[in-house]
1. Scan the stretch 215-240 residue by residue and report those that are in contact (Cβ under 8 Å) with a residue 24 or more places away in the chain and more than 18 Å from the chain's Cα centre (by Cα).
2. Please count how many residues of the stretch 187-198 are assigned to a loop (DSSP other than H, G, I, E, B) and under 15 Å from the mean Cα position of the chain (by Cα).
3. Going residue by residue through the stretch 18-30, is there one that turns out to be away from the ligand (no atom under 16 Å from the Cβ) and over 18 Å from I114 (Cβ atoms)?
4. Among the candidates I9, I15, which residue alone is away from the ligand (no atom under 16 Å from the Cβ), modelled with pLDDT of 95 or more and of a type in the set (V, I, T)?
5. In the stretch 119-130, what count of residues is obtained for those that are over 12 Å from the mean Cα position of the chain (by Cα) and either among the charged types (D, E, K, R) or under 13 Å from Y93 (Cβ atoms) (or both)?
6. Going by what's in this entry, would E139 be described as within 29 Å of I186 (Cβ to Cβ) and in a loop (DSSP other than H, G, I, E, B)?
7. Do we find that F177 is at negative phi, outside any helix (DSSP H, G or I) and either within 16 Å of the ligand (Cβ to nearest atom) or in contact with a Lys or Arg (Cβ under 9 Å, 6 or more places away or on another chain) (or both) in this structure?
Amino acid sequence: MKFDKDLVIERAMVIYAHPDDAEFGVAGTVAKWAKAGVEVTYCMVTNGASGSQDPDMTREKLRDTRYDEQRKAAKILGVKHVVFLGYEDGYLYPTLEVRKDVARQVRIHKPDVIIAMDPRFRVADEGYINHPDHIAAGEVALRTINPDASTRQMFPELWRDEKLEPHKPKALFLETFGEGGTVVDISQTMDTKIKALLVHKSQLGPEAAGFIRDWNKRTGKSAGYKFGESYKVIRLDREPAAETKPRRRARPAGAASRGGARARRSVPRTSRPRAAGARAAKRSGARARRSR
Ligand SMILES: [Zn+2]
């Protein structure tokens with residue numbers, strides 16, 4: 001699939017902490033790409049076993065339920081492989097062990113694109129603290145690009161013992177919580193996203209459909225689409241020097257142009273907490289019954 005004039009995507013890997021994270025955030029894109037022939041792999045780092053306030057629930061039972069929900073959702077979206085690394089939900093740190101496990105999957109599946117959550121997102125204005133597992137999984141995704149999956153002498157046992165060659169993706173797509181960036185038109189796959197999201201019955205009810213639709217509507221609007229999901233796209237297949245040179249040339253013309261640059265940047269910065277907060281508040285509202 002051709003994403004733009006010079007980014008061809010044949011394989012994509014979605015690295016998230018919990019079963020359901022991808023359905024909330026990026027499933028419209030996943031369904032769209034899968035439909036266009038992209039081989040999508042889910043790499044779910046934790047087992048989802050903390051996602052319940054029910055005193056009669058056990059971690060083992062919930063883990064099985066959540067794996068089952070995630071497999072069903074992935075099937076609806078056309079995801080080809082679902083990998084569960086099985087780390088305990090709520091206990092995740094970007095340890096060397098986690099990093100090696102993720103790097104192994106990247107080297108096996110060789111994605112052109114990795115989709116992940118931005119680990120810099122910590123708090124939103126509207127009363128939401130981002131889950132630490134999300135931050136840890138995002139951190140691992142960044143570290144897998146540089147250096148874990150791409151460097152031969154990182155975890156050398158991966159190529160020495162397991163014959164897994166280093167792999168560097170062409171691009172990283174970081175979910176941006178609707179603050180702008182590159183918007184993917186998901187108008188044709190919005191319904192599929194909702195269908196996949198609602199499979200996570202242990203985590204949410206049908207009311208989730210409304211706010212996810214609203215959120216993706218707001219995101220899409222900025223780009224002229226009915227529904228959209230937005231990303232900060234980091235290209236990894238271009239020489240950094242070629243990128244920075246024109247920017248340096250464009251900027252130096254004194255105070256006016258620097259002010260202009262600041263003014264342009266301030267637009268996404270001011271809108272970011274609102275967008276993230278709205279999503280987060282609604283997410284936590286939907287999950288209030290189950291607490292996550
Ligand atoms: Zn989560």
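The values are calculated or read from the model by the stated rules, or taken from the named source; none is laboratory data. Keep in mind that what you see is a predicted model, and the values were worked out from it rather than measured. Counting neighbours? That spans all protein chains shown, and the Cβs are built from the backbone with ideal geometry, glycine included.
1. Residues satisfying the conditions are R218, S222, A223, Y225, K226, D237.
2. 0
3. no
4. Details: I15 fails: away from the ligand (no atom under 16 Å from the Cβ).
Within the list I9, I15, the selection yields I9.
5. 4
6. Criteria not met by E139.
7. Details: at negative phi: no; outside any helix (DSSP H, G or I): yes; either within 16 Å of the ligand (Cβ to nearest atom) or in contact with a Lys or Arg (Cβ under 9 Å, 6 or more places away or on another chain) (or both): yes.
Against the criterion (at negative phi, outside any helix (DSSP H, G or I) and either within 16 Å of the ligand (Cβ to nearest atom) or in contact with a Lys or Arg (Cβ under 9 Å, 6 or more places away or on another chain) (or both)), F177 does not qualify.
Conditions tested, residue by residue: (1) among the charged types (D, E, K, R); (2) away from the ligand (no atom under 16 Å from the Cβ); (3) in contact with a Phe, Trp or Tyr (Cβ under 9 Å, 6 or more places away or on another chain).
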{"residue": "E88", "(1), (2), (3)": "yes, no, no"}
{"residue": "L96", "(1), (2), (3)": "no, yes, yes"}
{"residue": "R99", "(1), (2), (3)": "yes, yes, yes"}
{"residue": "R104", "(1), (2), (3)": "yes, yes, yes"}
{"residue": "R107", "(1), (2), (3)": "yes, yes, yes"}
{"residue": "R143", "(1), (2), (3)": "yes, yes, no"}
